[in-house]
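So the structure is just underneath, and the comments pick up after that.
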Amino acid sequence: MTTPTKPPVVLLHALSLDGTMWDAQRLTLEAQGHPVLTPHQRGFGGTPLGQDAPSLDVVADDLARLLDAQDLDRVVLVGASMGGYTAMAFLRRHPGRTLALGLVSARATADAEAVRGNRERFAAAMADPEQGPALVAATAPQMLGATTRAERPDVVRQVSDLAGAAPRASLAWAQRAIAGRPDSVNVLRSADLPAVVITGQEDALISPEDARTAADALPQGRLVTVPGAGHLPSWEQPTAFHGELAALLARTRAVTC
């Protein structure tokens, strides 16, 4: 396996969306000479869901096979929301393959019982042909901060359209996979690599305490709060987000050169 001169970057998408959420970051990074992968998690963006029981371990192993197919040994791994949970599963199951880590809008702890219950109710609702689409339409805009919802109707429309196009069976599978994930605080404690935890100041889904817990667990963790952003800071505040991604890549080059 090989590692290119500029570190390869893998960007893992959030729940309800697909790899196209990273198009702006992918184009910028590719122009700078980084190989970039923005895979669609199984069930999203046309990727088959398959028959496996819901588990982020399955998704992490999908990623490992993708890297093997691309002849990539170690990568900079950045995951948003569900993608962040996949990144932590990948760290646990495939140690030594991550050069640097970016966790965006993700908590290191397992879900509380009430949160798991909400995920199961969401997953169950996806089987209803009327209730399922209505729930997706109602919840998708809540991924965005109040500033974005008030000032950027184009982003609200894009996120809502992408979430609305996601197969309901895939949404149910992913919610159950996320609900079943283990606590990853100790996984992060053992990940001594350049790392950043990025959270939106207006994120209604991940608390500042959640973000701080993840950052504090990482030996080289840095916590960044993005003003004017909710759960999707890469989409809501792309300039600020890319600045933090560039800083992570600079730290990565400093320790790998």
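Results, tabulated for the structure shown:
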{"quantity": "Pick from the range 121-167, criterion open to solvent by less than 10 Å² (accessible area, probe 1.4 Å) and not hydrophobic (A, V, I, L, M, F, W, C), ranking: farthest from residue 53 (Cα to Cα)", "calculated": "148"}
{"quantity": "Number of positions in the range 168-195 that are within 30 Å of residue 253 (Cα to Cα), open to solvent by 10 Å² or more (accessible area, probe 1.4 Å) and in a helix (DSSP H, G or I)", "calculated": "4"}
{"quantity": "Pair list, Cβ under 7 Å, 6 or more apart: the range 225-252 residue on the phi > 0 side of the Ramachandran plot and touching a residue at least 40 places away in the same chain (Cβ under 8 Å), other residue open to solvent by less than 10 Å² (accessible area, probe 1.4 Å) and small (Gly, Ala, Ser)", "calculated": "228/145"}
{"quantity": "When residues of the range 216-257 are limited to those that are in a loop (DSSP other than H, G, I, E, B) and farther than 26 Å from residue 142 by Cα, the one nearest to the chain's Cα centre (by Cα)", "calculated": "218"}
{"quantity": "Candidate set from the range 20-38 (those that are out of contact with any helix residue (DSSP H, G or I) (no Cβ under 9 Å at 6 or more places or on another chain) and touching a residue at least 12 places away in the same chain (Cβ under 8 Å)); member that is surrounded by the fewest Cβ atoms within 10 Å (Cβ to Cβ)", "calculated": "33"}
{"quantity": "Scan of the range 232-248 for residues that are open to solvent by 10 Å² or more (accessible area, probe 1.4 Å) and out of contact with any Pro (no Cβ under 8 Å at 6 or more places or on another chain), ordered by number", "calculated": "235, 238, 239, 242, 243, 244, 246, 247"}
{"quantity": "Top-ranked residue in the range 39-71 [being part of a loop (DSSP other than H, G, I, E, B) and more than 23 Å from residue 168 (Cβ to Cβ); ranked as least open to solvent (accessible area, probe 1.4 Å)]", "calculated": "71"}
{"quantity": "All positions within the range 26-61 that are under 15 Å from the mean Cα position of the chain (by Cα) and among the acidic types (Asp, Glu)", "calculated": "57"}
{"quantity": "Residue within the range 196-214 that is of a type outside the set (Ser, Thr, Tyr), closer than 26 Å to residue 7 by Cβ and open to solvent by 50 Å² or more (accessible area, probe 1.4 Å) present", "calculated": "no"}
{"quantity": "All positions within the range 112-130 that are among the aliphatic types (A, V, I, L, M) and either in a loop (DSSP other than H, G, I, E, B) or in contact with a Phe, Trp or Tyr (Cβ under 6 Å, 6 or more places away or on another chain) (or both)", "calculated": "112, 126, 127"}
{"quantity": "Qualifying residue in the range 72-82 (condition: in a loop (DSSP other than H, G, I, E, B), open to solvent by 10 Å² or more (accessible area, probe 1.4 Å), touching a strand residue (DSSP E or B) at 6+ places or on another chain (Cβ under 9 Å) and within 26 Å of residue 229 (Cα to Cα))", "calculated": "yes"}
{"quantity": "The listed residue being at pLDDT 95 or above and in contact with a Phe, Trp or Tyr (Cβ under 9 Å, 6 or more places away or on another chain), out of 178, 206", "calculated": "178"}
{"quantity": "Residue 104 vs. criteria modelled with pLDDT of 95 or more, over 30 Å from residue 250 (Cα atoms) and buried (at least 20 other Cβ atoms within 10 Å of the Cβ)", "calculated": "no"}
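The values are calculated or read from the model by the stated rules, or taken from the named source; none is laboratory data. All values reported here derive from a predicted model rather than from experimental measurement. Please note: Cβ atoms are built from the backbone with ideal geometry, for glycine as well, and neighbour counts cover all protein chains shown. Just the protein is used for accessible areas: all its heavy atoms, side chains included, with ligands, DNA and RNA removed. Shrake-Rupley method; radii C 1.70, N 1.55, O 1.52, S 1.80 Å.
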